[in-house]
Every structure is written in structure tokens, then in C-alpha cells.
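The block underneath contains the structure these notes are about, expressed in C-alpha cells.
The values are calculated or read from the model by the stated rules, or taken from the named source; none is laboratory data. Note that this is a predicted model, so its numbers are computed, not measured. Neighbour counts run over all protein chains shown; Cβ positions are idealised from the backbone, glycine included. The accessibility values were calculated without ligands, DNA or RNA, using every heavy atom of the protein model including side chains. Shrake-Rupley method; radii C 1.70, N 1.55, O 1.52, S 1.80 Å.
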Amino acid sequence: MSLRLRKPGEITAVDETTSCSSPAVRLAHRRRLRLACTAIYFTKVLESLTKKVLENNLGILRSLSYVAIDVRPGDDGLKDGKDEKVDPKSLSPMVREKSLDALAKFGGVSRLASVLETDLENGLSGDDETDLATDLARRKNVFGENRYTRLPAKPFFAFVLEAFKDLTILILLGCAVLSLAFGIKQHGLKEGWYEGGSIIIAIFLVVVVSAVSNYKQSRQFQKLSNVSSDIKVEVLRGGRRQKISIFEVLVGDLVCLKIGDQVPADGLFVDGHSLKVDESSMTGENDHVEVNDNENPFLLSGTKVTDGYARMMVTSVGMNTAWGEIMSSVARDLAEETPLQARLNKLTSSIGKIGLTVALVVLVVLMIRYFTGKTRDESGHVEFRSGHTKTNDVMNAVLRIVATAVTIVVVAIPEGLPLAVTLTLAYSMKRMMSDNAMVRKLSACETMGSATTICTDKTGTLTLNEMKVTEFWVGKEHVKNNDAAPTVLELLLAGIGLNTTGTVYRPEGTASVPEVSGSPTEKAILSWAVIELGLKMDELKRGCQILQVEAFNSEKKRSGVSMRRGAHIHVHWKGAAEMILAHCSQFYSQDGDKQMLDAQARGQIRAIIEKMAAKSLRCIAFAHKEVTDPQPHESSLEDTELTLLGVVGLKDPCRPEVRSAVESCTQPHESYLEDSELTLLGVVGLKDPCRPEVRSAVESCKNAGVNIKMITGDNVHTARAIAIECGILETPKDNSKVDEMIVEGVEFRNFSPEERFEAVDKIRLMARSSPFDKLLMVQTLKQKGHVVAVTGDGTNDAPALKEADIGLSMGIQGTEVAKESSDIVILDDNFASVVTVLRWGRCVYNNIQKFIQFQLTVNVAALVINFIAAVSSGEVPLTAVQLLWVNLIMDTLGALALATERPTNNLLSHPPVGRSEPLITLVMWRNLLAQALYQVTVLLILQFKGRSIFRVGEVVKNTIVFNCFVLCQVFNEFNARKLEEKNVFKGLHKNKLFIGIIGVTLVFQVLMIEFLKKFANTERLGWTQWAACIGIASLTWPIGWLVKCIPVSSVRSLLPRKQVPAS
């Protein structure tokens, strides 16, 4: 018997894409070896049985003269990918534990891709869209969605409990319960429940309204959190790159990763170059981990790409990833305390202490007057006579006095101030979303109102981000109609097609325009090369082997690639024109002649670049070099069909110093990617027009006292032209003054700290800047006391975004790292939206000031009236239920009415408010003291002379006092809409919520006076009395108008102003 050899086509039993040294291949070899040993053992058994049969002279059937063992490629114990099924739970620990053994059991990345039915070239595919949709639905059903289970949101009942935790509310509730019990005991259930029951109902109403408001804001913040979590991911499906939601990523998807991206799910490295990820979010380690197809092909969900680019195959999603498990057990704190809320809490505490003092004085005075027989009931009889008054009457009176004192505390403590901040932040966040700004950090809303300087990018923010190649130069000649030598065009196309992270997708069987993806610069160059020069990327890539890639970064402002084509190695560089030019020693002419780049030629080409830049063109240069292959790959020795003779093991100890030497070598093929003695292929000029609305937006910022500084990586000539076009720089009349406003990054970096400190306010434009220069600019501005807002889109912008008082990342071009480091995401990458954020920031601060003025007016009036009335007459004009109604008006309803005013252009006509400025300005003190003085005067007159003026009884007089007090607050709410403007009705029709709240307040006031007499302890009023109340309250409008005629600017200028540096 003998074993036949396999067929020639069956010799290679290992996938060509799999390295022979990988664990998966070694396992496959071991399996084949066991299979061969089993076959040999089986033949030996057959031979033994044959001998026995022959010895016993038994007849046997004629059989084949050999045994064939057919070992086919891939027959390693694994089933064909189409038939084999994989358990989703078995894939999760493989990536999480970074187990190469587990990956080997699946047969490596290529075999696992076959099992998951993923095409490693085209991604998830189908015969048509219906077939693909069916496949996606099946994957979602088998492997699950890329979502994690969130902790349940706080229920409404929890907010009700929180509202009940207020100490004053609990004391008031206890008094109400006791009052209810004594009232029922004394007067029976039918009449005795009114006083205590009314207070309980009023408390319940206040608590429910507060809980509903907080519950709605919580839901609003949760929705915004969900929106901010919905990032876009680039996947390959049907051979076409497309952006989808992170929640739509499925197992088997091919995801394209680049610098700054967040890894959307657990997966395996397929191909790429120089990929490094930051796994600190998972492991806590800050070291960047290199990912490759050999030693570490594992990518964890939630990690960030810090360098290189790659394609990964998704193996686990959602709750099957470690990131999903972590996030499902963590609740994001949406109720962060902003700096303004912290300041308001201190203000609330201070006012509360004053209110508590007044309440204690009122309590003591009322107790003394009651127990000394100085108080009388409605019939005129003395309320307390020692030894004659019943215990129940005494307890009821004491509880009424305590309840009144506690209610004064409730009214005095402006707990609505923090609520107003929450309401206005939630409202502004929702509105800003529709204005293309997504808030990630609440405090940024209010801080933006104080911004004094905005440092902005150029590309995509000030410009349209619609780049197009408009000029093409080869050497010193302007090329028209792409009329250049074929050799130059061939090298140029290789440099464009291979030295890029963009892709070109050509739909099969159609003549439509190819779809180009990548950064705006890459897309512009690729589109020009494909349409104008006839670039065919697929053919280009098939004809060469990529050896090494250096991805573009904002430090070097260039990218490079080396590739082998036949027996030659070619190096291509692309980047900022003047930087590439500095590395060139030769250049091609339009005819294809290679010429030396002497000083004269270099100066001429540099002048061409400057002339292009002056036309606002971004100049990109291409250079080439052919290098000697340090590792020749051709040999006359045959290295196939060999026979293994044996294996020996030799031990040679490593030198002790070798490890450190190896670690210091970061580029294993440094010689492949040479960047000296290059030959310049050509220079292209890309035009990116300014946004039409930018100039007016810049002008608005200047009028608002906000400085605009443009920080860009473009050369100084391009940047200057754009800055003048946008209005950041004025048209130069005196070049020396303009030159002081322009600086290059390297120059600014080399300034001494004193020079930087001196120059930073003058600078309007920084060109050729690095991320470190931007960070340095922010730090210097903050040291000078500026409140700085910074825009950024790249991963390297993260330090500056974090350092700034307000970090503004770009929603379209911004990387996930930049977005995570920012406070607000500008969804349309438009500078006009940055100005909108500035307007909203000032609106938030302005709305809070309006509410503070309104509420403090009520606080001052209520405290003074109750204190004077209690001390002088031993009675308070407002009962506990009435005071709770006033508290509801000024806290929740007042906050809703005043905190939802929309921003106006008038907000940008004032200079920014410094963070050290007091919350209550002189203007506010002027307004609120005038209104409080008027209310106190009128209500005290009504309290002591109201019976004789209106010729009514005590209860009706108290009702008139209560009605006038509430209506004064309603009318004064209009005054609070405008702190300085005299026309308080301007824009009123735009705020329907304000009108609705005023209407609801008036309706409930009428109900309490006319129909809820026993509940509110009131009496019905006549038409004359109603008219008098409305007339008294309406006088707050002319008083407010007259008060605003009193100037306060001169007073403000006389006060010392303390500047506190931004921190």
C-alpha cells in the first residue's frame, strides 16, 4: 500500500493571506499531522488483518492497491464558512481577553470572516438591496444590536420624593396634619378640614408642579445625551464606503478607522498601517497600544484611534462587549452643577438665612402677643384667656402661628433660582440643537455668554469646505488641459492614488460619476485625478505592493508612502507646498525633463506658490524618489517543493543591552521612506470659498466686544487672504500695523513668555500653526484674564479644546476624540453657528438675571410686609395657603415664563459680562428696589387703612391685600422681561409660553378669590374692588418705565472693578 501525493493545486493548504507563523496556521498543521498519523495507523491495521487472512488461507475480495488520503486546502477540521455556525458568546471573550489561541481555533481572521460570511474586500454584500437587507436583519437577530442596556431612568415618583425632602415643606406638612386633626376634632369633619386640608392641598400642588418640571428636564437631558451618543461610523458594505449610526453596526461589518475615531464595537484587525489605539478608557493605562495582524489583532469597543488607519471586522456588539457591560452599569450624571448654579445656591442660602431670621422674629412676636391676650378673633373677642381657653383652641392657634412662620421661610427662600437655571439651560439646549449646536456640557451654555475671545479654525468653519482643484503647476509652468508629459502624469497619479486615505467607488455596470470619500482635501484631489487625469485606483493598487506608510499629521503637514513595483521601490510624498519644496533637490518640467532645483529655480517656484496662496488657494505639492531596495526579493535559488530532512535547535543568548536598543527603534523599514533629495512632480491649488454669512457673523462678534483670532495650518499668504475676505483683518492701509496682527506658529512658539504675553492681544491671525501653538495661544490668553472659546476638529486639537473655557468641536469634520474633549459640538461646522452659541450663552445669563430680579422683588416685598404687620399689629395679611400660591407663582411658573425668552440681536450690542461681575447688577437693584418699595407701601396702606378706604370687613380687606399682591407680581413679570429697555412688550408675541403662564396665573387667581373661598380663606370681591386691585397693580408699568430713565452707567463707572483671571 502507498499514499498518493496531493494534486499540484492542493499543495498550499494555508490561506495566502495568513502568515505561516500565525497560531491559526500552526494549529492547522497539527490537525493535518494527526490526520496523517491516523491514516498510517489505519493502513497498518489493514496490513495486519491481511496477513492473518492469508495465513488462514481465507479468500478475500479484490481491493484497490493503495489508500488515498485527500488533504484539501482548508481541510483542517473546520467546516466550510457557509455551513459552520458560531456562537456569539464565544467571540466576545476572544477579543476581550486578546486570546490568540481562541482566534486560532476559529482558523484566523480570514477563516472567521468566511464563517461570518464577510467579504474582506467588499464588506457585507448581497445580490441586491433586498438580499443585503435580509442579511442585516438576520445578523441583528442572531448577534444582537450595537446598543447597551441603560440603567432605568429615575421615575416620576422619585422626583416627588425629592421635593418632599425639603425641611421647610416637611415642617409645614407636619403643622398642616396637626391642624387638620385638631380642626376635625373641634369642628367636625365637614367644617374642620378646611384650614389644615387647604395647606396640605397647596403643598401637594407645589410639590407636584416642581416634580413635573424637574422630571421633564431630566427627560430632556436624557434625550440630548442619546443624541450625543449617536456618532457616525464609516463601514464598507457592498464595496462602497458609507456612514451609518454606531447603533446600526453589526457583527461581520468592515469598519474603516482613522485617527480620532472611536472603535464602535469589538473586532479584529483586517489591514491597515501604523494603527495605534488609546485603551485608557478600558484599561486605565495611558500607553498607546499598537494593533496589527500578527501579535495583537484585537480592537476593543470604546477605545480611540491615536495614529494610523485600518479596517476592522466586527465580532461582537452591544452587551457582548466589555464597553457595553461597563456603560450599562454606569449612569451619566446629567444633573451636573454649573458654576452659575453654585453661585445661585450661595445666594439662596444667604437670602434663606435672612428669611429664617424674619420668620423667627414673626414667630416670637405672634406667640407673645397671643399668650398675652393682645390678639382677637373675627368676632372681636380676645383669643387667649388663661384658664378659660380650651386646649384645642390653643393648639390650633399655635399651629396657625407656626405654619405662618414656616410659610414665610418657604416664600423667603428662593429655591426657584437653581430651578430657573435648570429650566433655561434645558430650554436653550433644546433650541440650540435646532440651531446646529449640540451641548455636551451644561456649564458651557452660561460660560459662552462671558466669552471675550474666539479662536477659530479656517477650513470648514470660515470656509464652505467644498474644495476644488483650480490650478496645476509642473515645475515653473502652469499646466492647462492637463497637458504634461506622460511620465510626469504617471508618477503623479501613483502619488495621488497610493498616498491617500480616501477611496474611489465605481458602481458596477453603470457610467455614473465615481463616489469619492475621504477628507475634503483628499476628495478634491482624488476627484480631480479621477475625472481630469483618468486615475484608476484599483488597477494602480493591483500593480504594486505597499511597503510603508506615514499618515498625515498636523505637526509635519505631510504624508508619505513607499511601494514596490517590479524590481523598483518608489517613494511618494504629499503635503504643504513650501514644506515639500524644502525637501526637493530636482523638479520635473512640463516636458518631463528632470532639472536641478538651484536657488534661482527654488525662488521662482516659491514665488508661484505665494502667488497661488494670495488668491486664497491651498497649495499641495507632490514629490517622488526612486530608492534602492535594501532587501532584494529575487533569487536564482529555488525555495519550493523542498524535502524536510530534520530540525535542530541552537541556543545563542541575547546581549543584555539589545532589548533597550530594539525598543528605541520605532521604524523597522526606515530606509524605505526617504524624505531627502526628492524630485518635485507638481503643485496643485485648491479653492475653498468663504461662507457668505461669515463676514456678518464676524462683524457681530466685534460689535459684541469679542475678539476673533484665526488659527490655521495653511501658509501665511493663503491665511491672510482668507482673513481679509472674512473681515477678521481689515483691508491693509498700513502694512506695518497688519503685520503686527499676523504671526506664524513657529515664531509664536519661540517667543519668550513676556513677548507672548505682550503680543497675544494684537494677534488676529496665526498661520502654519501646530496643535501645540493653539494650546499655547489659549494658555496665554487665559493668563491675561480672557474667557476663551476655541474651535477644533482634529485629534491633536483635544488639549486646546480641554484647556479652553469653552471647547467647540466640529460635527462634520471633527473626530470623536475632538468631540469628546469639547463642551459644544457645532453640527454644521459653520462659524455663524458659533456666533449663535455666543448669543444663546448671553441669553441664558440674561434670563437668569431677569428671574433673579423678579423673585427678589417678591421676596423683599413679602418679608417686609409680614414683618411690619406682625410686629405692629400681631397679624400677618397673608395666610399659609396664600403664601404657598405666591411661592408657586414666583418659583416654578415664574421660572418657566422668564427662563424661556429667546435670544435677540440686542444681546450682541453689549460687551461680554466678566465672570467676576456680580450676579445682581446696579440696574437690577434699581429695578427691584423701586418695585418692592411701591408694593410694600401700597400693601401696608391697605393692611392698616384698607377697611376704612373700602369700607369692608377684615376678611374682605385681607382678600384685597392678597389679590393686589398677586396682581402686582403678574404685572411686574412684564417689567422683568426687559432689564434696561423701556418697551417691555417688545417681542412678547414670540413667547407664547409666557403669555400662557400669565393667562393660567390669572385664571387660578380668579378661581381662588371667587370660588375657593374656604380653601384660600378669601371672600368674593365686587367689580369695583377688582378694578381697584388691577389699577393698583398696573401702576407697576409706569413706575418701571420711569425708573429705567435713571442712569446707572455713571454710578457703575465710579465703582472699583476687580479683575479675576480666568481659571
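Structure data summary
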read-out: Residues (crowded, with 19+ Cβ neighbours inside 10 Å and part of a loop (DSSP other than H, G, I, E, B)) located in the stretch 692-709; value: A704, V706
read-out: Filtered residues of the stretch 539-561 (kept if modelled with pLDDT of 85 or more and small (G, A, S)); value: S559, G560
read-out: Cross-chain or 6+ apart pairs with Cβ under 6 Å, the stretch 113-131 first and farther than 20 Å from K89 by Cβ and assigned by the TED database to the domain that holds M313, then crowded, with 17+ Cβ neighbours inside 10 Å and of a type in the set (S, T, Y); value: D119/S125
read-out: Qualifying residue in the stretch 399-406 (condition: part of a helix (DSSP H, G or I), at pLDDT below 80 and open to solvent by 30 Å² or more (accessible area, probe 1.4 Å)); value: yes
read-out: Some residue of the stretch 722-735 being in contact with a helix residue (DSSP H, G or I) (Cβ under 9 Å, 6 or more places away or on another chain), among the polar types (S, T, N, Q) and open to solvent by 10 Å² or more (accessible area, probe 1.4 Å); value: yes
read-out: Considering residues of the stretch 1005-1025 that are touching a residue at least 24 places away in the same chain (Cβ under 8 Å) and within 30 Å of E901 (Cβ to Cβ) only, the residue nearest to the chain's Cα centre (by Cα); value: Q1005
read-out: Counted residues, the stretch 493-508 - those being in contact with a helix residue (DSSP H, G or I) (Cβ under 8 Å, 6 or more places away or on another chain) and under 24 Å from G592 (Cβ atoms); value: 6
read-out: When residues of the stretch 870-899 are limited to those that are buried (at least 22 other Cβ atoms within 10 Å of the Cβ) and of a type in the set (S, T, Y), the one farthest from the chain's Cα centre (by Cα); value: T879
read-out: Filtered residues of the stretch 197-221 (kept if open to solvent by less than 20 Å² (accessible area, probe 1.4 Å) and either among the polar types (S, T, N, Q) or outside any helix (DSSP H, G or I) (or both)); value: S198, S213
read-out: Any hit, the stretch 896-904, residues being among the charged types (D, E, K, R), touching a helix residue (DSSP H, G or I) at 6+ places or on another chain (Cβ under 9 Å) and more than 23 Å from F971 (Cβ to Cβ); value: no
read-out: Condition met for E550 (in a strand (DSSP E or B) and open to solvent by 20 Å² or more (accessible area, probe 1.4 Å)); value: yes
read-out: Residue ranges of helices (runs of 4 or more DSSP H) in the stretch 1005-1050 with at least 3 members at pLDDT 90 or above; value: 1023-1034, 1036-1043
read-out: Residue satisfying condition, being at pLDDT below 80 and in a helix (DSSP H, G or I), within set V881, V936, V923, V961; value: V881
read-out: The stretch 710-743: number of residues that are at pLDDT below 85, outside any loop (DSSP other than H, G, I, E, B) and β-branched (V, I, T); value: 1
read-out: The lone exception for L268 - which of (1) touching a Phe, Trp or Tyr at 6+ places or on another chain (Cβ under 9 Å); (2) outside any loop (DSSP other than H, G, I, E, B); (3) modelled with pLDDT of 85 or more; (4) under 29 Å from V825 (Cβ atoms) it fails; value: (4)
read-out: Scope the stretch 846-859; condition under 37 Å from the mean Cα position of the chain (by Cα) and crowded, with 23+ Cβ neighbours inside 10 Å; matching residues; value: N847, I848, K850, F851, I852, Q853, F854, Q855, L856
read-out: The stretch 577-604: number of residues that are out of contact with any helix residue (DSSP H, G or I) (no Cβ under 8 Å at 6 or more places or on another chain), open to solvent by less than 60 Å² (accessible area, probe 1.4 Å) and in a helix (DSSP H, G or I); value: 3
read-out: Of residues in the stretch 605-619 being touching a residue at least 24 places away in the same chain (Cβ under 8 Å) and open to solvent by 70 Å² or more (accessible area, probe 1.4 Å), the one nearest to S676 (Cα to Cα); value: R606
read-out: Residue within the stretch 987-1002 that is surrounded by fewer than 21 Cβ atoms within 10 Å (Cβ to Cβ), more than 26 Å from L423 (Cα to Cα) and of a type outside the set (K, R) present; value: no
read-out: Candidates A862, A832, filtered to the one that is among the small types (G, A, S) and open to solvent by less than 20 Å² (accessible area, probe 1.4 Å); value: A862
read-out: Identity of the residue in the stretch 434-465, open to solvent by 20 Å² or more (accessible area, probe 1.4 Å) and at pLDDT below 85, that ends up nearest to the chain's Cα centre (by Cα); value: R440
read-out: V984 being assigned by the TED database to the domain that holds L423, under 27 Å from R842 (Cα atoms), free of Cβ contacts under 8 Å to residues at least 60 places away in the same chain and touching a helix residue (DSSP H, G or I) at 6+ places or on another chain (Cβ under 7 Å); value: yes
read-out: Residues satisfying the stated conditions in the stretch 674-689, i.e. at pLDDT below 90 and open to solvent by less than 20 Å² (accessible area, probe 1.4 Å); value: D688
read-out: Selection status of F867, open to solvent by less than 10 Å² (accessible area, probe 1.4 Å) and in the same structural domain as L425 (by the TED database); value: no
read-out: Qualifying residue in the stretch 931-946 (condition: open to solvent by 20 Å² or more (accessible area, probe 1.4 Å) and within 24 Å of A397 (Cβ to Cβ)); value: yes
read-out: Residues (in contact with a strand residue (DSSP E or B) (Cβ under 8 Å, 6 or more places away or on another chain) and surrounded by fewer than 17 Cβ atoms within 10 Å (Cβ to Cβ)) located in the stretch 742-760; value: A759
